[in-house]
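No value in this document is a laboratory result; all are computed from the given coordinates. Quick caveat: nothing in here was measured; it's all calculated off a predicted structure. When we count neighbours, we look across all protein chains shown, and the Cβ atoms used for this are built from the backbone with ideal geometry, even at glycine.
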Amino acid sequence: DAKTTQPNSMESNEEEPVHLPCNHSTISGTDYIHWYRQLPSQGPEYVIHGLTSNVNNRMASLAIAEDRKSSTLILHRATLRDAAVYYCILRDEGSQGNLIFGKGTKLSVKP
Amino acid sequence: NAGVTQTPKFRILKIGQSMTLQCTQDMNHNYMYWYRQDPGMGLKLIYYSVGAGITDKGEVPNGYNVSRSTTEDFPLRLELAAPSQTSVYFCASIGQGAGLPQHFGDGTRLSIL
């Protein structure tokens with residue numbers, strides 16, 4: 001499975017946008033880009049996913065580079081509840097759906 | 001709207017004891033997974049199942065066993081608990097289809113003393 005690279009940690013101010021980067025230079029054509037987040041003492045929570053085109057949902061936006069070698073998760077207005085570890089994961093639809101978790105990016109939000 | 005339910009939420013075991021971590025989902029998902037998460041680390045796959053009667057090993061299966069007699073339930077068994085199995089255990093499930101998200105339970109915090 002292709003690997004992803006994320007910064008260990010990032011900081012944001014409350015109500016400001018946050019851009020969380022992810023590099024995945026070895027991505028294959030059948031890999032979906034998934035983002036999950038894990039709040040303290042909770043299980044991972046699905047945020048968003050995409051294949052080639054940018055995606056928006058009520059939680060976030062996902063911007064995917066044209067060559068698909070990188071992507072950015074965008075939280076439009078960070079709140080204190082968005083403080084979590086964010087995982088960028090590639091998932092090959094032929095791999096029984098398994099997710100391979102790295103260490104993710106720990107996002108801190110300052111009031 | 002239960003989703004994935006794990007029991008118990010917390011447990012302390014003595015070395016050498018055995019126990020079963022329960023996981024059930026009410027979404028009729030075929031795929032189910034068990035992960036463990038050690039402090040400060042990402043999740044590691046222990047076992048997974050693609051349907052009732054079918055299970056397979058993940059990255060860290062040693063010391064664990066699973067069964068999948070029904071679509072809904074996917075219990076994880078520790079036969080001889082060891083301190084190295086102190087961790088938080090997450091169960092997850094996913095439906096069949098391209099790009100669908102995994103649904104996770106809230107976890108079981110297990111300490112082996």
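Odds and ends about this structure:
- The number of residues in the range B:24-73 that are assigned to a strand (DSSP E or B), charged (D, E, K, R) and crowded, with 18+ Cβ neighbours inside 10 Å comes to 1.
- Going through (1) at the interface with another protein chain (Cβ under 8 Å from one of its Cβ atoms); (2) over 28 Å from A:I48 (Cβ atoms) one by one, B:P101 falls short only on (2).
- Some residue of the range B:49-72 being under 10 Å from the mean Cα position of the chain (by Cα) and within 11 Å of another protein chain (Cβ to nearest Cβ): no
- Where B:Q102 falls short, out of the listed (1) within 23 Å of B:S18 (Cβ to Cβ); (2) within 15 Å of the chain's Cα centre (by Cα); (3) surrounded by 21 or more Cβ atoms within 10 Å (Cβ to Cβ): (1)
This table checks each residue for (1) touching a Leu at 6+ places or on another chain (Cβ under 6 Å); (2) over 16 Å from B:F104 (Cβ atoms); (3) free of Cβ contacts under 8 Å to residues at least 12 places away in the same chain; (4) crowded, with 19+ Cβ neighbours inside 10 Å.
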position	(1), (2), (3), (4)
A:Q42	no, no, yes, no
A:N54	no, yes, yes, no
A:L75	no, yes, no, yes
A:C88	no, yes, no, yes
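Yes/no matrix, rows are residues, columns are (1) within 14 Å of another protein chain (Cβ to nearest Cβ); (2) farther than 27 Å from A:K103 by Cβ; (3) in contact with a strand residue (DSSP E or B) (Cβ under 6 Å, 6 or more places away or on another chain):
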| site | (1), (2), (3) |
| --- | --- |
| B:D38 | yes, no, yes |
| B:M41 | yes, no, no |
| B:Q96 | yes, yes, no |
| B:R109 | yes, no, yes |
| B:I112 | no, no, yes |
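- Only residues that are surrounded by 12 or more Cβ atoms within 10 Å (Cβ to Cβ) and within 12 Å of chain B (Cβ to nearest Cβ) were counted across the range A:10-40, and they come to 10.
- Among the residues making up the range B:2-11, a single one is among the charged types (D, E, K, R) and either at the interface with chain A (Cβ under 10 Å from one of its Cβ atoms) or assigned to a loop (DSSP other than H, G, I, E, B) (or both): B:K9.
- Residues located in the range B:80-94, provided they are loosely packed, with under 13 Cβ neighbours inside 10 Å and either of a type outside the set (G, A, S) or within 9 Å of chain A (Cβ to nearest Cβ) (or both): B:L80, B:P83
- Here A:V47 passes the criteria (1) part of a strand (DSSP E or B); (2) out of contact with any helix residue (DSSP H, G or I) (no Cβ under 7 Å at 6 or more places or on another chain); (3) of a type outside the set (S, T, Y); (4) more than 11 Å from every other protein chain (Cβ to nearest Cβ) except the one numbered (4).
- All told, A:T79 meets the bar of being surrounded by fewer than 18 Cβ atoms within 10 Å (Cβ to Cβ), more than 13 Å from every other protein chain (Cβ to nearest Cβ) and closer than 25 Å to B:D106 by Cα.
- Hey, B:K9 within 23 Å of B:L113 (Cβ to Cβ), of a type outside the set (V, I, T), out of contact with any helix residue (DSSP H, G or I) (no Cβ under 8 Å at 6 or more places or on another chain) and without any contact (Cβ under 8 Å) to a residue 40 or more places away in the chain or not: no
- Leading residue by the ranking (nearest to A:R37 (Cα to Cα)) among those in the range B:12-36 that are more than 14 Å from chain A (Cβ to nearest Cβ) and either hydroxyl-bearing (S, T, Y) or without any contact (Cβ under 8 Å) to a residue 12 or more places away in the chain (or both): B:T24
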